[in-house]
Amino acid sequence: MYQYSNTIFNQLLSFLPKYEFKKFVLQHEGDKHVRTLTTWNQLVILLYAQATGKDSLREIETGFNLQKGVWHHLGIKTVARSSLADANQRRDSEIFENLFYALLDRCREITPHREFKFDNPLYSFDSSTINLCLSVFDWAKYRTTKGALKLHLLLNNRTAIPELVNITEGKVADVTVFKN
């Protein structure tokens, strides 16, 4: 007798607002002319890569193909690095940005309000530099031989939830983004 067990990864995916995500995909025509790698599958693959610390498309492809039996529950049959590279390059990033803000709204609803209060809102602003291959991401010039992008984050200290995320070239200073 087969007993079904839900993976932790699948449980995490259940928190995503799939109905809203489908609306974003339709709005930006994310699945137009797509044969195998849907926008939802791309998201699942990217979340898997992030959670497992995969650094390259080859690592993602190998990791998925080693565990093909697990992924069929998510509707993913196979992952080809060429398909993933094409999707990452061609698919509108606003789909994922809209998903971020939908998740942010959901988090705000369920986040308990903390006991301490300030007279005015308190925010923290910080950034992280993410190294990229300059030959692949020629727009991300950071140094003469290195590429990078910067992830700028405005954190609401009352809720501990990011209020704003901004992605720029790696050499953009925090103060420049903060002023805008």
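Where a number appears in this text, it was derived from the coordinates with a stated rule and is not lab data. Here the structure is a predicted model, which is why all the values come from computation and not from measurement. Positions of Cβ are backbone-derived with ideal geometry, glycine not excepted, and every protein chain shown enters the neighbour counts.
Structure notes:
- With a Cα cut-off of under 16 Å and a minimum spacing of 8 residues unless on different chains, the lysine pairs in the chain number 9.
- Residue-count net charge about Thr52 - beta-carbon cut-off 15 Å; Lys, Arg +1, Asp, Glu -1: -1
- Whether region 1-64 is rounded, prolate or oblate, judged on the alpha carbon gyration tensor where a/c under 1.5 counts as rounded: oblate
- As an equivalent ellipsoid, region 41-99 spans semi-axes of 19, 13, 11 angstrom, where each value is the square root of five times an eigenvalue of the C-alpha gyration tensor, largest first.
- Taken over the Cα atoms of the chain, the convex hull encloses 162 Å³ per residue.
- Farthest toward positive dipole pole in the chain [+1 Lys/Arg, -1 Asp/Glu at C-beta], among Leu149, Val70, Asn98: Val70
- All C-alpha to C-alpha distances of region 114-179, sorted into 5 Å bins beginning at zero, yield P(r) values of 4, 17, 23, 16, 13, 10, 7, 4, 3, 2 percent in whole numbers.
- Nearest-20 debye value, the chain charge dipole, Cβ charges on Lys, Arg, Asp, Glu: 360
- When shorter helices are ignored and each DSSP H run of at least 4 residues is given -39500 (n - 2.57), the per-residue value for the chain at 222 nm works out to -12500 deg cm²/dmol.
- Considering only alpha-carbon pairs that sit under 8 angstrom and 6 or more positions apart, the relative contact order computed for the chain is 16 percent.
- Local net charge near Asn166, Cβ-Cβ under 13 Å (Lys/Arg +1, Asp/Glu -1): -3
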